[in-house]
Amino acid sequence: MKRHLAPTLKDVAREAAATVSAASVVLNGASSSARISEGTRSRILEAAARLHYRRNAVALGLSQRRMNAIGVAATIRGCATNHYFLAVLSGILQAATDRGQSVTVFAVPPGEKGAQTFQECCDGRIDGLILVAPYIVDSLMAIVNRTTPIVAIQGSNPSPNYHNVDIDDEGGAYAATRYLLDLGHREIAYFTGPLELAGARRRVRGFERATAESGISRDASPVIPGYYTMESGVHRTAELIARYGRAALPTAIFCANDAAAFGCIQTLAAYAIRVPQDISIIGFDDTHMAQMTRPLLTTVRQPFDEMARCAVDLLLAEIDHRERSESVCEPVEALPIEPTARPSLGVEVLSPSLVVRESTGPPSR
């Protein structure tokens with residue numbers, strides 16, 4: 001089948017009996033010292049309509065040094081990250097659309113290949129990049145940030161070199177643990193996320209602070225290392241049952257994310273252990289997975305849409321700042337140029353909330 005090439009500016013100019021520069025001014029908003037008459041403008045617009053001309057966004061972006069496109073990158077690691085990433089991505093897509101931006105999504109593999117992919121993301125096709133829960137070393141992020149503005153969402157190692165949007169992990173974990181304690185639970189196990197991540201460590205601190213304030217011993221509130229995956233919840237729960245036996249299990253389990261809680265509930269059901277009649281379960285995130293469990297999962301809700309809007313706005317503000325800074329000419333004597341406004345770099349911390357559903361209740365013993 002013969003491929004039909006899209007009409008070009010040259011085609012439109014030829015059809016309208018005009019110059020290519022005139023067609024560019026009318027159709028692409030290109031700058032020109034020449035004035036375009038109304039007659040020429042009408043001919044160009046009519047020719048473009050007849051030929052079904054569509055301007056080349058890439059070429060226009062290169063000429064204006066602005067693509068009006070942002071990137072979103074994440075290292076996808078199993079089911080848990082997928083649900084979390086989809087929740088964040090949905091908010092970013094809506095926020096970007098509201099602000100007239102297109103979005104390119106990059107999947108960054110782990111390890112050295114991921115570092116190479118990360119740098120290739122910033123090859124000029126996007127104006128800036130949002131990293132979702134990045135597993136990328138800060139030194140590499142700092143290098144890329146010199147040429148491409150970066151905003152991280154829940155970065156593992158926040159840096160003064162770029163913005164980071166985060167939540168109060170410790171406060172969320174504290175509130176969830178406090179809720180279980182108020183229900184009367186005094187034997188609570190905690191399944192952690194990967195402890196190399198700062199957010200996972202903060203959630204442990206929130207759990208331990210709440211149990212310590214209530215005088216609960218560490219033996220009665222064991223902290224069990226794990227990951228943000230359903231498989232981790234399955235394995236940790238099976239290990240807990242093997243360790244304590246069905247009759248002596250803790251009366252509640254707090255999982256560091258919804259995926260681990262999902263795996264936990266599945267495993268308990270396989271052993272005919274009822275939730276919440278025999279044991280209460282709490283998760284963290286409030287992704288769609290929280291409403292896929294039976295019973296529905298009590299969890300700590302992350303404000304995904306708010307996080308996404310904040311990240312998009314911070315990124316666009318940084319892009320605008322760099323553009324204005326690059327366009328500033330040498331100041332003329334007696335006509336000083338005021339410094340361009342810039343959002344202060346640092347960490348934006350948003351507040352989570354507790355969502356009570358069916359998977360929690362008073363202890364059975």
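The values are calculated or read from the model by the stated rules, or taken from the named source; none is laboratory data. Just so it is clear, the structure is predicted and the values come from calculations on it, not from any experiment. Here the Cβ positions follow ideal geometry from the backbone for every residue, glycine too, while neighbour counts run over all protein chains shown.
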Can you name the residue in the stretch 309-347 that is in a loop (DSSP other than H, G, I, E, B) and under 19 Å from A152 (Cα atoms) and, of all such residues, is modelled with the highest pLDDT?
-> G346
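Of the residues R218, R178, which is at pLDDT 95 or above and basic (K, R)? Give the derivation first.
Numbers: R218 fails: at pLDDT 95 or above.
Checking each option against the conditions leaves just R178.
From the list A272, A242, A238, exactly one residue is free of Cβ contacts under 8 Å to residues at least 40 places away in the same chain, small (G, A, S), surrounded by fewer than 18 Cβ atoms within 10 Å (Cβ to Cβ) and in contact with a Phe, Trp or Tyr (Cβ under 9 Å, 6 or more places away or on another chain). Which is it? Please lay out each step first, then the result.
Working: A272 fails: in contact with a Phe, Trp or Tyr (Cβ under 9 Å, 6 or more places away or on another chain); A242 fails: in contact with a Phe, Trp or Tyr (Cβ under 9 Å, 6 or more places away or on another chain).
Result of the check over A272, A242, A238: A238.
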Within the stretch 1-39, which residues are in a helix (DSSP H, G or I), at pLDDT 80 or above and surrounded by fewer than 19 Cβ atoms within 10 Å (Cβ to Cβ)?
-> K10, D11, R14, E15, V20, S21, E38, G39
Is it true that E306 is among the acidic types (D, E), at pLDDT 90 or above and not in a loop (DSSP other than H, G, I, E, B)?
-> yes
Can you find a residue in the stretch 230-244 that is under 26 Å from the mean Cα position of the chain (by Cα) and within 16 Å of A173 (Cα to Cα)?
-> no
For the stretch 245-269, enumerate the residues that are farther than 26 Å from V355 by Cβ and touching a residue at least 24 places away in the same chain (Cβ under 8 Å).
-> R246
Selected residue (only one of I281, I265 is crowded, with 18+ Cβ neighbours inside 10 Å, in a strand (DSSP E or B) and out of contact with any Pro (no Cβ under 7 Å at 6 or more places or on another chain)) = I281
For the stretch 183-206, pairs from a residue that is on the phi > 0 side of the Ramachandran plot to a residue that is surrounded by fewer than 16 Cβ atoms within 10 Å (Cβ to Cβ), with Cβ under 6 Å and 6 or more apart or across chains, are G184/P362
Taking the stretch 287-313 on its own, how many of its residues are farther than 12 Å from C255 by Cβ and buried (at least 24 other Cβ atoms within 10 Å of the Cβ)?
-> 5
